Amino acid sequence: QVQLVESGGGMVQAGGSLRLSCTASERTFSRYSMGWFRQAPGKEREFVAVISGSVGMTYYGDSVKGRFTISRDSAKNTVYLRMNSLKPEDTAVYYCVADPTYLGVRVSDYDYWGQGTQVTVSS
């Protein structure tokens with residue numbers, strides 16, 4: 001069974017940094033776009049960032065552009081999300097996603113989801 005396993009969440013003060021990791025259980029994902037969504041309490045799931053499987057093209061949601069960086073290590077089947085200058089409004093459960101769809105930004109673009117990791121930013 002295909003799995004995406006996230007790690008790296010936690011609590012940090014505003015202005016701080018965290019790095020999330022997501023490892024895929026199969027090498028097939030080296031060809032997939034992989035990315036991150038987040039969901040805050042009472043809000044809809046929001047696109048954060050995505051990276052393509054081939055040349056590593058990236059795309060970011062407007063709310064994180066310039067602060068977050070997505071990268072991947074195909075040899076390790078792992079995608080990373082470096083989050084800098086964190087704000088209280090970044091508090092959410094962050095989900096890793098993967099799919100053959102190229103640089104998808106919609107929830108419906110992704111068939112594979114991780115279990116989520118909590119990020120809490122205190123003011």
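Just so you know, all these numbers are worked out from the coordinates, no wet-lab data involved. From a predicted model like this one, the values you see are computed outputs, not experimental measurements. Positions of Cβ are backbone-derived with ideal geometry, glycine not excepted, and every protein chain shown enters the neighbour counts.
A compact table of results
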{"quantity": "Shape category assigned to the chain from the gyration tensor of Cα positions, a/c cut at 1.5", "calculated": "prolate"}
{"quantity": "Distance in nm between pseudo-label sites at residue 108 and residue 65 (7 Å out along the Cβ direction from Cα)", "calculated": "2.4 nm"}
{"quantity": "In sequence order, calculated HN-Hα J values of segment 49-54 (Karplus, 6.51, -1.76, 1.60; Hz; x Gly/Pro)", "calculated": "6, 8, 9, 6, x, 8"}
{"quantity": "Net charge of neighbours whose Cβ lies under 11 Å from the Cβ of residue 123, counting Lys and Arg as +1 and Asp and Glu as -1", "calculated": "0"}
{"quantity": "Packing-based ranking, highest mean first, of 100-112, 77-89 given that Cβ atoms within 10 Å are counted", "calculated": "77-89, 100-112"}
{"quantity": "Around residue 34: net Lys/Arg minus Asp/Glu count, Cβ-Cβ under 9 Å", "calculated": "0"}
{"quantity": "Three-way shape call for segment 20-65 based on the alpha-carbon gyration tensor, with the a/c threshold at 1.5", "calculated": "oblate"}
